[in-house]
Amino acid sequence: MSPHRRVTGLLQPDVTESETIPSLPPWVRWMPLVLTGAALAVDLPTPGAWSGDVLLALSAMTAACVYPTALVVLMAVLNSAAGLLLLLATHVQAEGGHAVIDYFALLVLAWASIPLCRLRLSLYRRLQGAQQAAEYAQRAVLPPVRSWLGRIWIAVRYEAASHAAAVGGDLYAAESTPYGVRLLIGDVRGKGPDAIPAVAALVGSFREAAHHTETLPLLARHLDEAVARHIGDLASVRGGGGSPDEQFITAAVAEIPPGGGEVRLLSRGHCPAYLATGEGVRTWEPADPGLPLGLGDLDMGPWEYETRSFAPGDLLLLCTDGLLEARDADGVFFSPEHGLRASWRQGPPTVVETLADLVHRHAGGVLADDLALLAATVSPTGPLPSVGTVAGGAAV
């Protein structure tokens with residue numbers, strides 16, 4: 001938690017300064033002491049030839065960048081004492097009055113490291129506060145998904161492309177309804193905090209309408225209307241700036257009926273889904289993916305879903321293009337089929353974690369777009385006693 005002192009209702013103030021220091025490699029933490037030692041080792045054996053004052057000043061500045069305030073003060077004292085030792089041992093005899101002036105300049109730099117350290121920590125606390133607020137906003141917009149909805153085992157994985165934000169433009173939801181378990185995954189045009197209102201509008205509408213809309217086409221129409229209203233409201237607030245056609249959400253809605261045996265999918269401009277069965281892993285590319293949500297006026301329909309068999313143990317993977325459009329150093333797109341073949345029998349949590357690890361390796365650890373994964377399977381026995389009832393709503 002951030003030690004932000006303002007009362008926001010989201011952030012806890014009872015955090016020590018040491019908890020605001022990000023983890024650093026060991027060699028970075030030792031660097032200020034190494035520089036001080038190098039200054040003494042270079043200067044003392046070579047009177048008049050080499051000056052260690054520059055290394056002492058660099059040690060103080062490095063400490064301001066990596067240490068908490070107490071250690072920065074200790075390094076300021078240590079560097080001041082080391083500078084005084086060099087002054088009395090070699091510099092006065094070799095340089096005279098200029099050595100005294102150089103020493104006072106060293107003192108200024110050494111002790112200036114303290115306010116610089118405090119400024120760094122203050123900025124870092126503000127960054128932590130912003131990240132924490134974004135994470136709480138994401139959890140409010142994307143509530144946690146239950147691991148088990150009846151006999152349906154579900155796992156999700158979410159990562160924002162921006163490391164400075166915990167929220168992005170991808171979304172997911174799952175609801176147990178009288179018509180079966182309904183799943184939603186989507187991708188707002190754009191990413192980052194600007195996408196939060198659109199995510200909230202769609203997820204909120206889905207969580208309510210999924211329980212009262214009989215068919216997937218009717219549900220998709222309802223979601224399209226909700227997104228269109230949001231786009232209209234946003235345009236009016238912004239004074240009509242921007243074309244409505246520039247705002248949309250690609251999405252896919254899936255349904256596993258109460259009796260099981262099949263899964264239904266309706267796509268609105270979204271990327272393909274994947275089915276893993278005993279016959280292998282198949283890409284589910286809808287014959288008519290349709291237009292994204294928010295553009296329904298341009299597609300009067302009929303909107304139709306597709307059906308595939310879905311026996312107990314089979315696995316459905318819904319994803320966003322953050323998975324499929326990740327590229328390696330040679331520009332090759334990521335393909336999830338291999339990871340699915342290796343992990344789908346182990347259950348949804350293993351699938352989403354495996355695919356997330358593989359896509360990070362493929363992209364060199366940096367994702368260019370937000371990533372959302374939702375995996376679901378039907379268990380013949382239902383939830384196991386040792387399995388938790390709630391899955392984390394976001395993993396960032």
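The charge dipole of the chain, taken about its Cα centre with unit charges on the Cβ of Lys, Arg, Asp and Glu (plus for the first two, minus for the last two), comes to roughly 1080 debye.
Binning the alpha carbon pair distances of the chain at 20 angstrom intervals from zero yields the distribution 23, 40, 22, 13, 2, expressed in whole percent.
This model, with +1 at the C-beta of Lys and Arg and -1 at the C-beta of Asp and Glu, gives the stretch 65-204 a dipole about its Cα centre of some 560 debye.
Projecting each Cα onto the charge dipole of the chain (Lys/Arg +1, Asp/Glu -1 at the beta carbon, about the Cα centre), which of Ala252, Ser176, Gly129 comes out farthest on the positive side? Working it through, the farthest residue towards the positive pole turns out to be Gly129.
Here the dipole of the stretch 245-325 is about 340 debye; that uses its Cα centre as origin and unit charges on the Cβ of Lys and Arg (positive) and Asp and Glu (negative).
In the chain, the DSSP-assigned H stretches of four residues or longer account for a calculated mean residue ellipticity at 222 nm of -13500 deg cm²/dmol, using -39500 (n - 2.57) per stretch and the full residue count as denominator.
Here the 3J(HN,Hα) profile of the stretch 344-353, calculated from phi with Karplus coefficients 6.51, -1.76 and 1.60 at θ = phi - 60°, is 5, 6, 8, x, x, x, 5, 4, 5, 5 Hz, Gly and Pro shown as x. Mind jotting down the distance between the C-alpha centroids of the stretch 62-110 and the stretch 252-275, whole Å? Here the answer is 68 Å between Cα centres. Between Phe248 and Arg189, the built amide H atoms are under 5 Å apart, and every one of these is 5 or more places off in sequence or on another chain. Annotation: amide H of Arg268 within the under-5 Å range of Ala251, Ala252, Val253, sequence separation 5 or more or interchain, hydrogens built in the peptide plane. Annotation for Ser379 and Leu127: the two label points, set 7 Å from Cα along the Cα-Cβ direction, are 4.1 nm apart. Potential lengthening of the chain between Leu33 and Glu95 amounts to 19.7 nm, from the contour at 0.36 nm per residue minus the alpha-carbon distance. Considering only Ile154, Val237, Thr277, the residue lying farthest towards the positive end of the dipole of the chain is Ile154, judged by Cα position with unit charges set on Cβ. Compute the long axis of helix 97-141 from its Cα atoms, compare it with the longest principal axis of the Cα atoms of the chain, and write down the angle in degrees, 0 to 90, nearest 10. Taking the Cα atoms of the chain, the angle to 97-141 is about 10 degrees. Close amide H pairs (under 5 Å, H built 1.01 Å from N) link Thr177 with Arg182, residues at least 5 positions away or on another chain. Taking the chain as a Gaussian network, Cα atoms linked when under 10 Å apart, which of Val227, Val42, Val156 shows the biggest mean-square fluctuation? Looking only at Val227, Val42, Val156, the largest GNM fluctuation is found for Val42. Counting Lys +1, Arg +1, Asp -1, Glu -1, what net charge surrounds Val66 among other residues with beta carbon under 12 Å of its beta carbon? Charge balance near Val66 sits at +2. Axis angle, to the nearest 10 degrees, between helix 69-86 and the longest C-alpha principal axis of the chain: 30 degrees. Sequentially through the stretch 276-281, phi angles give Karplus couplings (6.51, -1.76, 1.60; θ = phi - 60°) of 10, 9, x, 8, x, 9 Hz, Gly and Pro residues having no value and appearing as x.
Between Leu116 and Val366, the distance separating the two model label sites (each 7 Å from Cα on the Cα→Cβ line) works out to 2.7 nm. Each of Arg189 and Asp330 was given a label point 7 Å from its Cα along the Cα-to-Cβ line. The distance between the two points is 3.5 nm. Projecting the Cα positions of Val188, Leu86, Gly296 onto the charge dipole of the chain (unit charges on Cβ atoms of Lys, Arg, Asp and Glu, taken about the Cα centre) puts Leu86 furthest along the positive direction. Axis angle, to the nearest 10 degrees, between helix 26-43 and the longest C-alpha principal axis of the chain: 20 degrees.
Sorted on the mean count of surrounding Cβ atoms within 10 Å across their residues, most packed first, peptides 24-35, 53-64 read 53-64, 24-35. Excluding ligands, DNA and RNA, the accessible surface per residue across the stretch 131-233 is 38 Å² with a 1.4 Å probe.
Of the heavy-atom accessible surface of the chain (probe 1.4 angstrom), what whole percent is carbon and sulfur?
The computed percentage sits at 60.
The values are calculated or read from the model by the stated rules, or taken from the named source; none is laboratory data. It should be emphasised that the depicted structure is a prediction, and the values quoted were computed from it without experimental measurement. Positions of Cβ are backbone-derived with ideal geometry, glycine not excepted, and every protein chain shown enters the neighbour counts. For accessibility, only protein heavy atoms count, side chains too; no ligands or nucleic acids. Shrake-Rupley method; radii C 1.70, N 1.55, O 1.52, S 1.80 Å.
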